[in-house]
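The numbers here are math on the coordinates, done by the rules we state, and not lab data. Note that the structure is predicted; figures quoted are calculated from it, not measured. Every residue, glycine among them, receives a Cβ derived from its backbone with ideal geometry; neighbour counts consider all protein chains shown.
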Amino acid sequence: MISDLSESVTRSSATQSSATLITAVDAVTVPGVAATELWLTGVQRRDLAYLVEASYPFEACGLLVGSADTERVDVQDVFHARNLNVERARDRFLLDPDDHMAADRSARARGLDIVGIWHSHPDHPARPSITDLEAAWEGFSYLIISTTASGANDFRSWRLQGGKFIEEKIRETPQTSSSSEEES
């Protein structure tokens, strides 16, 4: 299930440069895998792919709501948020604070938390950039989806630990018979 907190995303393509480059930074990542795993349903992956493809060539962004412990991050809901960074929307995002607060209220009402942030990297790898590092907080999952004109092609999740990103494995939550009926 996806919760769309925005009716439309304001974009300004006139101010964008096709030569804009996101630098994937090996210096901010360390080998190995984070102790946690990010669990998404197949429906959530498809919803995210749809959102990043619909926003291409601009960055899409949003929040992951669910529960987390030291080993597992279970995503219960994916929230789409407006990207307020219209000047650099091809390689930057700025989550709308109103959308962030709405997602937080929805999560708390269900006994859940915001467990991560997702965003796309149009025409660039699904690796954290220096900008991603500068805005990151420890304890959150950072799901990055690489997208091109042909669609979403790589989903990778990262956690900030000791000032560096460590990749988090992404697992698919098994579909239960009740969720199968809801999707039909």
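At a glance:
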{"item": "Amide N proximity, the stretch 76-98 versus ILE130 label position 7 Å along Cα-to-Cβ, cut-off under 17 Å", "result": "91-93"}
{"item": "For the stretch 26-113: rounded, prolate or oblate by the Cα gyration tensor [a/c cutoff 1.5]", "result": "oblate"}
{"item": "Estimated distance in nm for a label pair at ARG108 and GLN161, the labels positioned 7 Å out from Cα along Cα-to-Cβ", "result": "3.0"}
{"item": "Local net charge near SER67, Cβ-Cβ under 14 Å (Lys/Arg +1, Asp/Glu -1)", "result": "-3"}
{"item": "Amide H within-cut-off set for ALA126, under 5 Å, with H built and near neighbours excluded", "result": "SER146"}
{"item": "Label-point separation, THR173 to TYR50 (7 Å along Cα→Cβ), nm", "result": "1.7"}
{"item": "Segment MET101-TRP137, extension gain: residue separation times 0.36 nm, minus the distance between their alpha carbons", "result": "11.3 nm"}
{"item": "The stretch 42-184 shape via C-alpha gyration tensor axes, a/c threshold 1.5", "result": "rounded"}
